[in-house]
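The values are calculated or read from the model by the stated rules, or taken from the named source; none is laboratory data. As the structure is a prediction and not an experimental result, all values here were calculated from the model. Please note: Cβ atoms are built from the backbone with ideal geometry, for glycine as well, and neighbour counts cover all protein chains shown.
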Number of protein chains: 2
Amino acid sequence: MEKIQERIFARLKHIRPRTARLLQKLVQENSTRGNESSAQAIIIEKCRQIGLELDIWEIGDEKLYHHEAYCSDRSQYEGNPNVVAVLKGTGGGKSIILNGHIDVVPVGDLNNWVHDPFSGHIEKGRLYGRGSTDMKGGTAALLMAVEALATVGLKLKGDVIFQSVIEEESGGAGTLAAVLRGYRADGAIIPEPTNLKIFPKQQGSMWYRITVKGRAAHGGTRYEGVSAIEKATLIIQALQELERERNTRITDPLYQSIPIPIPINIGKIQSGEWPSSVPDTAIIEGRMGVAPDEEMLSAQDELESILNTVQENDPWLKENPLKVEWFGGRWQPGSLEENHPLLGALSESYKEVFKEEPVIEASPWGTDGGILSRYGGTPVVVFGPGITETAHDANEHIILEDLYKSAEIIALTLLKWCEVESGGEGEQE
Amino acid sequence: MEKIQERIFARLKHIRPRTARLLQKLVQENSTRGNESSAQAIIIEKCRQIGLELDIWEIGDEKLYHHEAYCSDRSQYEGNPNVVAVLKGTGGGKSIILNGHIDVVPVGDLNNWVHDPFSGHIEKGRLYGRGSTDMKGGTAALLMAVEALATVGLKLKGDVIFQSVIEEESGGAGTLAAVLRGYRADGAIIPEPTNLKIFPKQQGSMWYRITVKGRAAHGGTRYEGVSAIEKATLIIQALQELERERNTRITDPLYQSIPIPIPINIGKIQSGEWPSSVPDTAIIEGRMGVAPDEEMLSAQDELESILNTVQENDPWLKENPLKVEWFGGRWQPGSLEENHPLLGALSESYKEVFKEEPVIEASPWGTDGGILSRYGGTPVVVFGPGITETAHDANEHIILEDLYKSAEIIALTLLKWCEVESGGEGEQE
C-alpha cells in the first residue's frame with residue numbers, strides 16, 4: 001500500500017502544472033447561469049482524456065419540475081448540460097460521488113477587481129478569477145485525484161462518480177437532476193471552499209420575503225395613517241426572538257464555537273417613498289438558516305407561526321394580514337452521522353498529508369450536499385481547497401498548493417473508500 | 001356700511017363666472033417648479049384689469065441666497081417672476097398682505113386622474129385639476145375680493161398687497177424674496193386649502209435624513225457583521241420616544257383635538273441589497289414637525305442630541321457615528337397671538353357670511369406664513385376655500401361655492417381691517 005501511495009503522490013506531483021492549466025482554462029470561461037456550456041466542454045475533454053465513462057445530458061423534465069426540492073426561476077436548460085463521468089470499479093468496493101458545480105456567480109462591480117475576473121492570472125502561487133475558489137478549484141482537485149488514480153496503473157473496486165453540475169448557486173437543480181437520473185453512492189465528497197476544513201454538517205438556508213401593509217397619510221397628520229415601518233419593527237423583533245429561541249436548541253458540539261449556528265438574517269428592508277408621507281408598505285427580505293437535521297418545511301412553519309402570533313396580537317395586522325413568501329434560492333441542510341466511516345477515511349487521509357488533525361466544523365452555508373443526502377440517500381462530507389472569504393467576492397482566488405494538497409487527501413480517501421483490487425496494484429502504465 | 005356690504009356682495013355675485021373662468025385658466029397652465037411663467041402672466045393680466053400697481057421681478061440675489069431661512073436646490077429663477085400687485089390705500093388704515101403661491105406639485109401617476117390634470121373641468125359645482133385647491137383657488141378668491149373692492153367705488157385707507165409667489169412647495173423662497181424686497185404689512189391672509197377653517201397657528205416642518213452604518217457579512221455568519229437594520233431600529237425607537245416627549249409639552253387648546261400636534265414622521269427606510277447579506281448601511285428619512293412658537297434650530301438640536309445619546313450608549317455607533325442631514329424642504333412654523341384683531345376681523349366676517357362660528361384650529365402643515373411673520377414681522381392667519389384632503393392628490397378639486405364664500409369673507413375682512421375712507425363710499429363706478 002505504501003508503494004501505491006508513493007506512485008500516486010509522484011503522479012500527482014507530475015500533473016500539477018497541467019492541473020493549474022486546467023483550472024486556468026476553466027476560470028477563463030465565464031460560466032454564470034445559462035452560460036455553462038463552454039466550461040463544461042473543457043470538463044468533458046478532460047474526462048475523455050482520463051478515460052472516464054461520460055454521461056452528458058440537458059436537465060429539465062417533468063420529474064425534476066415537480067420534485068419538492070426543485071426551486072428555480074430558470075425557464076430553459078438547453079445547451080448547458082450536466083456532466084457525469086464514471087471511473088468504473090471492478091466491484092465489491094464502496095462507491096463515491098465527487099460533486100462539483102460549474103456555475104459561478106456574477107463578478108459584481110468590475111472596478112473592485114485588480115485583474116480581469118476571467119484572466120486566471122497566477123501570481124505567487126495564487127490563481128485569480130471568478131470561480132477559482134467557488135468552486136472550479138475544487139473541481140480541478142477532484143479531476144486531479146481521479147486522473148492520478150486512473151492513470152497510475154491500479155484498479156479500484158468501487159465506482160468513482162465524478163459530477164460537474166449546473167445550478168448550484170441558484171438552488172441545486174443540477175444535482176437534483178443527477179439524483180433523479182439515478183446517481184447514488186455510498187458516500188460523496190463536495191469540495192466547496194472550506195479552507196481545507198472538514199464539514200460533515202451543513203447549515204441549510206432559504207429566503208423569505210415579508211410584506212407589511214400600512215395606510216398612507218400626510219406626515220403632518222401621521223395619526224390618520226398607519227406606518228408600515230412601525231409595524232415592520234414588530235416583525236423584526238419577532239424574527240430576532242425566533243432566532244434566539246431556535247439557536248438555544250442547537251447543542252451539537254460542532255457548533256460550540258459558533259455564536260449563532262442558524263441565524264435568521266434580515267438582509268433588506270424597503271419602505272416609504274417620501275419623507276413627509278406615512279409609508280403604506282414595508283418589505284423585509286432575509287435568509288433563514290436551517291439546522292443540519294431540520295426539515296425546511298418545519299422551519300418555514302415555525303417562522304410563519306410566529307408571524308401569525310404577531311398578527312393576532314395587533315388589531316391592524318389582524319385586519320391587514322402579512323404576506324409571507326419563500327422565494328429565490330434554497331439550500332437543503334446536510335448532516336453526516338458522527339462516526340461515519342467516510343468522515344474517518346477523509347480525516348485519516350488529511351492527517352497523513354498534513355501530519356496534523358483536521359479542523360472539523362459545521363458549515364454556515366448550504367451546499368448541494370443536502371440534496372445528495374436527503375434525496376439521493378448518499379452520505380456527504382464537504383471539504384475543499386478554496387478560500388471561503390474570497391468566494392462571491394472581487395479578486396476571488398485560490399492557493400494552488402492547497403488545491404494540490406486537497407487532491408492528495410482526496411486520492412488517499414478514494415484508495416481507502418473504494419479499495420484497490422488485489423492484483424490491480426500493477427506498475428504504472 | 002350695510003349699503004357698502006350690499007354693493008360689494010352684489011359685485012361679488014356679478015363676477016362669479018369670470019372668477020371661475022380665471023381659475024380654470026390658471027389650472028390649465030401647468031405651473032410646476034420652473035414653469036410658473038404662463039400662470040403668472042394670467043395673474044398679471046388680471047391685476048392690470050383691476051387697476052393694481054404691479055411689481056414683477058425675478059427673485060434670486062445675494063441677500064436671498066445668504067438668508068438663514070433660504071433653502072432651495074433650484075439654480076435659477078430667470079423667466080419665472082414673483083408678482084406683487086398693490087391696491088394703494090389713502091392712508092391711515094391698516095395694511096394687509098394677501099399671499100398665494102402659483103407653483104403646484106407634480107401630478108403623480110396620470111392613471112389615477114379621471115380627467116386631464118390640467119383640464120380645469122367643471123362638474124356639479126366643482127372645478128378639477130392640479131392646483132385647483134392648492135392653491136390657485138385661494139388665489140382666485142383673493143383676486144375676486146380685491147376686484148370687488150377696487151371696482152365697487154370705494155376707497156380703502158390701508159394698502160392691500162396682493163402677492164402671487166413662486167416656490168412655496170419647495171420651501172418658500174418666493175415669499176422670502178418678497179419680504180426681503182420690503183413687503184411688510186399689519187396683517188396677512190394666506191388662503192391655503194383649510195376647508196374654510198381658520199388657522200391662526202401653523203405647524204412648521206423640516207426633513208431629516210439619518211444614515212446608519214453597519215458592517216457587511218454573509219447571512220450564514222451574520223455574527224461577523226453588524227446589521228445596519230438592527231442599529232436603525234434603535235434610531236426608530238429614539239425618534240418615537242422624542243415625539244412622545246415633545247408632544248406632552250404642547251398644551252395649546254388649539255391642539256386639544258389633535259392626537260399628535262407635532263409629529264415626527266418616519267417616511268422612508270432603505271437598507272440592504274441582498275437577502276443573505278448583512279446590510280452595511282441604512283438610511284432613514286422623515287419629516288419633523290415644529291411647534292408654532294418653536295425655533296427650527298432648537299428642534300434640530302433636540303433631535304440631534306437624542307441621536308447623540310443613542311450613539312454614546314452603543315459601542316458600535318460610538319465608533320461609527322450616525323450622519324444627520326437636514327435636507328430638502330423646510331417650512332417655518334407660524335403663530336398669531338390669541339386675541340389678535342386680524343383673527344377677530346376674519347372670524348366676525350365668517351360669522352356674517354355663514355351665520356355660524358368658524359372652526360379655529362392649528363394647521364398640521366407649514367405655509368409661507370412662517371416666513372411672513374418671522375422674517376417680515378407680519379401677523380398671519382391661514383384661511384382658504386380648498387379641500388385639504390385633495391391637495392397633492394389625484395383628482396384635486398375645489399367647490400366653487402366655497403371659493404365664492406371665502407371671497408365674501410375676505411372682502412368683509414378687508415373692509416374692517418383697512419377701513420373705508422369716509423367720503424370714499426361713493427356709488428359704484
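Residues in region B:37-54 that are within 15 Å of B:ILE102 (Cβ to Cβ) and touching a strand residue (DSSP E or B) at 6+ places or on another chain (Cβ under 8 Å) were compared, and the one that is surrounded by the fewest Cβ atoms within 10 Å (Cβ to Cβ) is B:LEU54. Taken over region A:249-274, residues that are within 7 Å of another protein chain (Cβ to nearest Cβ), touching a helix residue (DSSP H, G or I) at 6+ places or on another chain (Cβ under 7 Å) and at negative phi amount to 8. For the criterion of being surrounded by 19 or more Cβ atoms within 10 Å (Cβ to Cβ) and closer than 27 Å to A:GLY286 by Cβ, B:LEU239 passes.
Among the conditions (1) within 14 Å of chain B (Cβ to nearest Cβ); (2) touching an Asp or Glu at 6+ places or on another chain (Cβ under 9 Å); (3) within 21 Å of A:LEU142 (Cβ to Cβ), the only one that A:ALA362 does not satisfy is (3). Being among the aliphatic types (A, V, I, L, M) and within 16 Å of the chain's Cα centre (by Cα) is a property that A:VAL165 has.
Among all residues of region B:151-162, there is none that is away from every other protein chain (no Cβ under 14 Å) and either free of Cβ contacts under 8 Å to residues at least 24 places away in the same chain or within 14 Å of the chain's Cα centre (by Cα) (or both). Taken together, the residues in region A:246-268 that are part of a helix (DSSP H, G or I) and farther than 18 Å from A:MET206 by Cβ amount to 4.
Yes or no: B:VAL382 under 16 Å from the mean Cα position of the chain (by Cα), of a type in the set (A, V, I, L, M) and at pLDDT 95 or above? So B:VAL382 fits the description; yes. Screening the candidates B:TRP365, B:TRP316 for the property of being assigned by TED's automatic domain parsing to the domain that holds B:VAL179 and among the hydrophobic types (A, V, I, L, M, F, W, C) yields one hit, B:TRP365. Taking the criterion of being aromatic (Phe, Trp, Tyr) and more than 19 Å from A:ARG184 (Cα to Cα), the residues of region A:51-84 that qualify are A:TYR65, A:TYR77. The set of residues from region A:236-248 being in contact (Cβ under 8 Å) with a residue 12 or more places away in the chain and more than 11 Å from chain B (Cβ to nearest Cβ) comprises A:ALA238, A:GLU241, A:LEU242, A:ARG246.
Being within 19 Å of A:ALA232 (Cβ to Cβ) and of a type in the set (Ser, Thr, Tyr) is not true of B:SER298.
Considering region B:185-208, the residues that are under 20 Å from B:GLU68 (Cα atoms) and part of a strand (DSSP E or B) include one that is nearest to the other protein chains (Cβ to nearest Cβ), namely B:TRP207.
It is to be established whether one or more residues within region A:412-421 are in contact with a Gly (Cβ under 9 Å, 6 or more places away or on another chain) and closer than 30 Å to A:TYR208 by Cβ. Taking every residue of region A:412-421 in turn, none turns out to be in contact with a Gly (Cβ under 9 Å, 6 or more places away or on another chain) and closer than 30 Å to A:TYR208 by Cβ.
If I filter region B:165-181 for residues that are more than 14 Å from chain A (Cβ to nearest Cβ), more than 18 Å from B:ARG374 (Cα to Cα) and touching a Leu at 6+ places or on another chain (Cβ under 7 Å), do I get at least one hit? No, region B:165-181 contains no residue that is more than 14 Å from chain A (Cβ to nearest Cβ), more than 18 Å from B:ARG374 (Cα to Cα) and touching a Leu at 6+ places or on another chain (Cβ under 7 Å).
Taking the criterion of being part of a strand (DSSP E or B) and within 9 Å of chain A (Cβ to nearest Cβ), the residues of region B:209-226 that qualify are B:ARG209, B:HIS218. Scan region B:342-350 and give yes if some residue there is over 12 Å from B:ILE198 (Cβ atoms), assigned by TED's automatic domain parsing to the domain that holds B:LEU23, of a type outside the set (Ser, Thr, Tyr) and out of contact with any Leu (no Cβ under 9 Å at 6 or more places or on another chain), otherwise no. Looking for residues that are over 12 Å from B:ILE198 (Cβ atoms), assigned by TED's automatic domain parsing to the domain that holds B:LEU23, of a type outside the set (Ser, Thr, Tyr) and out of contact with any Leu (no Cβ under 9 Å at 6 or more places or on another chain), one finds none in region B:342-350, hence no.
Applying the condition of being touching a Lys or Arg at 6+ places or on another chain (Cβ under 9 Å) and of a type in the set (D, E, K, R) to region B:71-103 and asking which residue is farthest from B:ALA150 (Cα to Cα) yields B:ARG74. In the set (1) outside the structural domain of B:HIS67 (by TED's automatic domain parsing); (2) farther than 30 Å from B:THR251 by Cα; (3) among the hydrophobic types (A, V, I, L, M, F, W, C), the condition left unmet by B:ALA407 is number (1).
Does B:ASN265 meet the test of being more than 15 Å from B:LYS213 (Cα to Cα) and either touching a His at 6+ places or on another chain (Cβ under 9 Å) or assigned by TED's automatic domain parsing to the domain that holds B:TYR375 (or both)? When the stated conditions are applied, B:ASN265 passes them. Check whether at least one residue in region A:335-345 is away from every other protein chain (no Cβ under 14 Å), touching a strand residue (DSSP E or B) at 6+ places or on another chain (Cβ under 6 Å) and of a type in the set (S, T, N, Q), and report yes or no. Yes, because at least one residue in region A:335-345 is away from every other protein chain (no Cβ under 14 Å), touching a strand residue (DSSP E or B) at 6+ places or on another chain (Cβ under 6 Å) and of a type in the set (S, T, N, Q).
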